[in-house]
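Presented below is the structure to which this report refers.
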Amino acid sequence: LVLLKWLGLQAMCNKPGNLEAIKKLVDHPAFNITNPNNCYSLFLGFARSPVNFHAADGSGYQFMGDMILRVDQLNHQVAARMMNAFAPWRQFDLSRQELMKAQIQRIVASNGLSENVFEIASKSLA
């Protein structure tokens, strides 16, 4: 429980440029990408960072898209839940909408994508 809280706090940090620290946490020995709760704490925590997930350059969206595709190979249900980070994409300014939509489209077009993730991603585009 302490580890999950620690991961979540690190992920939600609104310090500009925190994405690099999050990328390092993915490789941290205490983080286990096959553990659903680790993924929820780190990745969904990151999605709650308005500064870093919604960075104007789209780097947060790119990272989340990469992680969804990676987790989808290990656990379809966890990846599908992570996909919900992109669900409100239409509620943002036009620039961020385009960046988020591009990631959703990239995910939908990925080879070997699970039905779980495909369903959520394609519905969000409809």
May I ask you to give the percent of accessible area on the chain that is carbon plus sulfur, with a probe radius of 1.4 Å? 55
Could you grab the relative contact order for the chain? Cα pairs under 8 Å, six or more apart, rounded to a whole percent. 22
How large is the accessible surface of Phe118 in square angstrom, using a 1.4 angstrom probe and rounding to the nearest 10? 90
Determine how many Å³ per residue the convex hull of the Cα atoms of region 1-74 encloses. 71
So, for region 54-126, what is the accessible surface per residue at a probe of 1.4 Å, expressed in square angstrom? 51
Answer rounded, prolate or oblate for region 37-82, using the Cα gyration tensor with square roots of eigenvalues a ≥ b ≥ c: rounded when a/c is under 1.5, else prolate when a/b is larger than b/c, else oblate. oblate
Accessible-area ranking of Tyr40, Tyr61, largest first, probe 1.4 Å: Tyr40, Tyr61
Which one, Met12, Phe53, His28, projects farthest toward the positive side of the charge dipole computed for the chain from Cβ point charges (K/R +1, D/E -1)? Met12
Show which lysines lie in cross-link reach of Lys15 when reach means a straight Cα distance below 17 angstrom and same-chain residues fewer than eight apart are skipped. Lys23, Lys24
Over region 77-126, what portion of Cα pair distances is larger than 15 Å, expressed as a whole percent? 38
Mean projected area, convex hull of alpha-carbon positions in the chain, reported to one decimal in nm², is 7.0
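The values are calculated or read from the model by the stated rules, or taken from the named source; none is laboratory data. From a predicted model like this one, the values you see are computed outputs, not experimental measurements. When we count neighbours, we look across all protein chains shown, and the Cβ atoms used for this are built from the backbone with ideal geometry, even at glycine. We work out accessible area using only protein heavy atoms, side chains counted, and drop any ligands, DNA or RNA first. Shrake-Rupley method; radii C 1.70, N 1.55, O 1.52, S 1.80 Å.
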